[in-house]
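Engineer: Pasting a structure below so you can have a look.
The values are calculated or read from the model by the stated rules, or taken from the named source; none is laboratory data. Keep in mind it's a predicted model, so treat the numbers as computed, not measured. All Cβ positions, even for glycine, are placed from backbone atoms using ideal geometry, and neighbour counts span all protein chains on display. Accessible surface areas use protein heavy atoms only, side chains included; no ligands, DNA or RNA. Shrake-Rupley method; radii C 1.70, N 1.55, O 1.52, S 1.80 Å.
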Amino acid sequence: MKKVKNTAKALFRSKPGTPRSTNPTQNVSTPVPGDAAVSSVQNIKKEEVALDVIDKGLVILNAVSGWFGPLEAVTGILSECIKTYMEVMDNKENFAKLMNDLAEEVQDLEKQRAENQSSEMKQIFEDLSKKLLTVLNETKQKQDLSVLQQVIQSGRIAQEVQQFFKDISQAYRNCKFKVLLIIARQNNEIYKSLIFDKLEPSLEAFHGAQIGGGKARDSCTPGTRKQIIKDIEDWAERTTDENMGIGFMLAQYSPAFAEELKEAIHKDPTSIVEPPGIQLEKLVVSCWHKVFKSHKLNLMTPVVVIDALDECRDISSVLEVLIPAIQKQELLGLKFLFTSRPEYCMQRHLKIKGPISEGSNVDRMFLHDVDESLVKADIIKYLNAQFKLSDLLISAEDIERLAKMSGKLFIFAATLVKFILDPDNTDLSEERLLEVLDLKQEPDKLQTQALDDLYTVVLENAFKNQTERGKKQSLKILHTVITVKEAIPHSVIADMLDVGITKVEGVISKLHSVLYVVDSDHSIYPLHASFSDYIMAKERTKEIFWCDEQMYHTMLSQACFRNMMEKLKFNIGEIPSSFVIDKDIPDGQNLKNIDQTLRYSCNYWPHHFWGSNLEQDIVKIWERFIEAKIIFWIEAMNLLQSIPQAYNSLQFLLESAILAERLPGKADFAQNYKLQEVLSTKQRDGMLANNISCKWVAISKDGKLIVSGQSDGTIIIWNVLRGKEVRKINGHIGDVNSVAISPDGSKIVSGSHDKTVRIWDTATGAQIRVSLQGHSNYVQSVAFSADGTKIVSGSADETVRIWDAATGAQIGEPLHGHSSWVLSVALSADGTKIVSGSADETVRIWDAATGAQIGQPLQGHSNYVQSVAFSVDGTKIVSGSDDQTVRIWNAATGAQIGEPLQGHNHWVQSVAFSADETKIVSGSSDNTVRIWDAATGAQIGEPLKGHSNFVWSVAFSPDGTKIVSGSVDKTVRIWDAVTGDEIREPLQGHSDYVQSVTFSTDGIKIVSGSDDTTVRIWDAATGTQIREPLQGHSDYVWSVALSADGTKIVSGSDDKTVRIWDAATGAQIGQPLQGHSNSVWSVAFSGDGTQIVSGSSDKTVRIWDAATGAQIGEPFQGHSSSVNSVVFSADGTKIVSGSDDQTIRIWDTATGAQIGKPLQGHSNFVLSVALSADGTQIVSGSADETIRIWDAAAGAQIREPLHGHSNWVRSVAFSADGTKIVSGSVDKTVRIWDAATGAQIREPLQGHTEYVWSVAFSADGGTIVSGSGDKTIRVQEVLTDDNCPVAQIDINKTWTLDDNGWVHFPHISDHGIVWIPPSFRPLLCRAQNPFIISKQGYTKIDFSDCVYGEEWTKCWPEN
């Protein structure tokens, strides 16, 4: 290396190149007048440009070589050599081109090197330096003055220069080739690790994947689709600020992305089995965003193609993540090409309809808009190319006729070729050609007609000369291929239909014109979706060929059940021990009992069962399966890593109205067949529940009735006060998209997928007159005028229509203007204006009398406008959009008022004004309802949560006090518009944080106080609530205490009062004890029950007469901040208090004087204090996360603080014998301490999922009670020693639950015994919990007969 460097420095040192003059005109000897002068000036300008290019090239050469000394030295000599040649080269333009090409080569090499550092790089570039030096040495000899003169004289300077650049460029190219080899090797290693270690990419996604018969997908026939391909290439090469992208293949394109992807999978291995949308978010969007920001990407923009979106499974969940990521510019540096048929789902996500906004980076192409002559010419080229490869002689005239028959459909032409040139029937090619030409299709026929006729000919030929029985069996095989949910091989079809595999193979081989078989797994696919459409449509195909979908679903569901009943069994994976995790079993061993047929049956029986006829025979088979094999099915699905699919399948059946309606006498089928238990679903409170997705809700003017439109075509009327269904209305034959109630409440209007508007009698549910017809597509929205005389409707046919509510007649012409679906309409209160929102992203205002559009469209939204509404006075309009915003508009000017209201993180589906116009409510696909201040645009309070799926409709009650919402989760919920709470009947159990708990002296009762403002009494043995809650406080109840004789309860509240209650009756005794000027944080009884002490945020301690409620003496003052905790000594002579001022103070009860100095030591708020029964010790808990024990007489701290909690210690208490201390903390744990030594006894008591606010001991010290922000009260038995007889005998007392949900037994192993799902953990009784007090109840597990390890199979009775 040193030699190379020194030689390079020496080269040309004595003869540097002559500097180029900076005067561009110095070589012009004499000005030439006229045209010659102009030409001279132009030549000078061209030379200036050329010289500029050369200068820039030299700068690039020097810049990219600085990282490596030897290369830098050689590059300096290379620059001098180039300058020498430049001076003697006449044609500067050609020289500049050579220089530019070299610079590009060098730049590309440098980019590859910079992105892919490797230990091999230095050796490669040292080789490059040596090669360049060799070339330069040879050049030096040629540039010797005498040689140079000879070259000039011989006129060969141009060739010499060209050879020089060729040699230099070749050296750089060879170097780049070596660099790319290293990169390819690195990529291959990463790629292999991704494929074989983690990911299982779909091999069919690769362009070159085989599609059967050893053939890969064909590219376009050369010379066809030229203009379309050029348009796509132009788009792909065009630089934009916002690009699109996705895909596993990005790992091949970018090593940096591959590394990031590998790291993401390493951090979260479960991401590769998540649903597609979540995979996309975690493995593509997030990884690409990180790599793009790191500037480690190639210069070329990758274009990822997803073909036939409408045929992809779960594509909606992918697009829901992908499209917002593109819009938010999280995938910069990528482009994405989609192809799809214009299904509604695709239209919504990709905005296929409507205009493209100016400046958009989205391009759109409709193949049916391509000029027919261009398509015909392409098809002729395609046909010529295909027939040229065969022995069939076909005339140009016949080619022309075939192209004419194909119209614009390439699939027609492709099917023609496959049918005519069947490789298994080459002797029939001429006959089949004549048969096709005899179809005599005209170009003006319906597009599908020609294709249908061709498919008919294909099938007739395939089944020609078969007996009726043979034809039926062949069709049975074909129809099975078309009906199955996932492509399956010959063997599975044979198993499902109970026929020989050779029969299946024979039938499929005759249908290669319309089916293909993948070589890798022999799965059978239709060549094109149009064939499935044809054979499933009774009106398009011959009756003999028609596939009765319901019949085949019935047959296939029977086959699935038969397979599962025969093959599913306990421990089908033959797992040897409960301690062995599935993933630790060698590949495939646990699946050896699950063949392809059983795999298909397990995955897709719900799909076929749902589509079956649901008659008695199939229902009985289903019942037997659920009863006998459902658990084994779940076990098999777990081994197949398909538990999410199993859950979704059962949930789908559970939600299916079709099943509920069609199963005779099985309305509550979910309960009857135990699907509820399998899914662990819970009954929800406080909502109007039904079994169908609710698409729209409206509330009557008097606020007493709610009407909801359902996805099954029904309308339901609900009683608001009772939350009960009043009436169900049937009539529509499609989803009910919108409903409205007339102002007098007597009528309901509805709009449906069936393209009709219907009016109903609210009282009887009867339809009033015939349906209002006129719309040619879905009716998306309906509304009454304020006087009830008119109805307005908006439709997917892009029009708004006005109807006479009395006669049903349409008033005037439809309102035209929108360029896409009208999704929402509303009328102003005075009936003079109509507002509409559309998928074209605009809001429009119309004159209700004339139908004319008023002003320009209101623009601002960047996605579909899903909902619009007028304010009551008609001056404002509110709109909600798929762009996740709510906007307010001036109805007179059309100007947007203020900024968009932002907060929702998904589509805004519905908006409404309150009657007083001060609030706006919105419902969204993020499952929340939000309330906004109409004046400021600020969100009021937290989102209203409760719905478990999209909120499609919201409305205010007329008085503005209530909000009603309807959701895809099949519920209608009523909310308090002020508090945001759900309105429901009183429930048993606290509905908010439990702030304080205590035991009665005899230990038989527990008293709790809560943020729900109630005090409740519970049976300590059973956990049941004793009588109704003690109600009276108007704010949070912070503290409760029982008198020693158990007859009275005292409570302190945020409402600044202390209240005394009769423990037997629950009645309040006397008036509230008033005097504190702020929240009462703590209350306690004296030992004899005659006095009550209270501590408050007003910094005082007060004593009260328990009999009269009168305050005794003056408040105790001394604390400089809130008093959080107070307690009497056992003899009642002293009071101890703890405060936010970080001190503890002892007071004389009789005089109110402070005894001694404050007890200091805590470094943060003192939140709780307690006295031992003998009065000698004080314990305190603090926000400094410590517990301290104090000598009550001396005021000194005893030993070091007790450490263990990781957050504020909210509550402390002594056991009755003074030997133990219990503490509860914001860290969600309860801990027990030895009062003598300060040591923690056993592990923390866990189970609470929120802060622990209060703890207490029972009188015998054997039980602890704790109250928490998770709204539960846990009762825990105290075991102080793992070696005690109880612990050794009863495993139910000693098991533990780790943070990942695994139950562990002591002294057995480190392995978990059983895993508890997250949803069960908050209300799971732990080993020390006899029960939990909660409005949702609790879960308890008995481990007495638990078997585990290699004995685990004994859990099944048959074993």
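Engineer: What size of dipole, in debye to the nearest 20, comes out for the stretch 1088-1185 about its Cα centre when the only charges are +1 on Lys and Arg C-beta atoms and -1 on Asp and Glu C-beta atoms?
Structural biologist: My answer is approximately 140 debye.
Engineer: Taking amide H positions as placed 1.01 Å from N in the peptide plane, with prolines and chain starts having none, which residues 5 or more places from SER795, or on another chain, fall under 5 Å of its amide H?
Structural biologist: Excluding prolines and chain starts, which carry no amide H, the hits are GLN780, VAL822.
Engineer: Please list, in chain and number order, the residues 5+ apart from ALA934 or on another chain whose amide H is under 5 Å from its amide H, with Hs placed from the backbone.
Structural biologist: Result for ALA934 returns LYS919, ILE920.
Engineer: Take each of the peptides 517-528, 476-487, average the number of other beta-carbon atoms within 10 Å over its residues, and list them starting from the highest.
Structural biologist: In decreasing order of mean packing, 517-528, 476-487 become 476-487, 517-528.
Engineer: Sticking with this one: Report, by chain and number, residues whose modeled amide H sits under 5 Å from the one on SER1254, excluding near sequence neighbours (fewer than 5 apart, same chain).
Structural biologist: Here GLY1267 satisfy the definition.
Engineer: Using θ = phi - 60° and the Karplus form 6.51 cos²θ - 1.76 cosθ + 1.60, what ³J(HN,Hα) does each residue of the stretch 548-555 get, whole Hz, x for Gly and Pro?
Structural biologist: Using θ = phi - 60°, the values come out as 6, 4, 4, 4, 6, 4, 4, 5 Hz.
Engineer: So which GluC sites (Glu not before Pro) in the stretch 564-626 pass both tests, a DSSP loop state and at most 10 other Cβ atoms within 10 Å of the Cβ?
Structural biologist: When the GluC sites (Glu not before Pro) of the stretch 564-626 are filtered for loop state and at most 10 Cβ neighbours within 10 Å, nothing remains.
Engineer: Using only C-alpha positions, report the orientation-averaged shadow area of the convex hull of the stretch 1155-1311, nm², one decimal.
Structural biologist: Answer in nm², one decimal: 10.0.
Engineer: Under the √(5λ) rule applied to the eigenvalues of the Cα gyration tensor, what semi-axes describe the equivalent ellipsoid of the stretch 895-969? Give them in Å, descending.
Structural biologist: 19, 15, 10
Engineer: Quick check: Cα centre of the stretch 605-642 to Cα centre of the stretch 1040-1089, how many Å?
Structural biologist: If we compute the Cα centre of each part, the gap is 58 Å.
Engineer: Which ³J(HN,Hα) values in Hz, rounded to whole numbers, follow from the phi angles of the stretch 1290-1300 under the Karplus curve 6.51 cos²θ - 1.76 cosθ + 1.60, where θ = phi - 60° and Gly and Pro get x?
Structural biologist: 10, 5, 5, 9, 10, 5, 10, 10, 8, 5, 8
Engineer: Please compute P(r) over all alpha-carbon pairs of the stretch 798-918, binned at 5 Å starting from zero, and give each bin as a whole-number percent.
Structural biologist: 2, 12, 22, 25, 20, 11, 5, 2, 0
Engineer: Treat the stretch 835-876 as a sphere of radius equal to its Kirkwood radius over Cα pairs and apply Stokes-Einstein at 20 °C in a medium of 1.002 mPa s; give the translational diffusion coefficient in µm²/s, rounded to a whole number.
Structural biologist: In µm²/s, the coefficient rounds to 195.
Engineer: To the nearest 20 debye, what charge dipole does the stretch 876-982 have about its Cα centre, counting +1 at the Cβ of each Lys and Arg and -1 at the Cβ of each Asp and Glu?
Structural biologist: So the magnitude is around 180 debye.
Engineer: While we're on this one: With every protein chain present, what accessible area does ASP424 have (1.4 Å probe, heavy atoms only), rounded to the nearest 10 Å²?
Structural biologist: 110 Å²
Engineer: Please list, in order along the stretch 1169-1177, the HN-Hα scalar couplings obtained from phi with the Karplus expression 6.51 cos²θ - 1.76 cosθ + 1.60 (θ = phi - 60°), rounded to whole Hz, x for Gly and Pro.
Structural biologist: In residue order, the calculated couplings are 9, 8, 10, 5, 4, 8, x, 8, 10 Hz.
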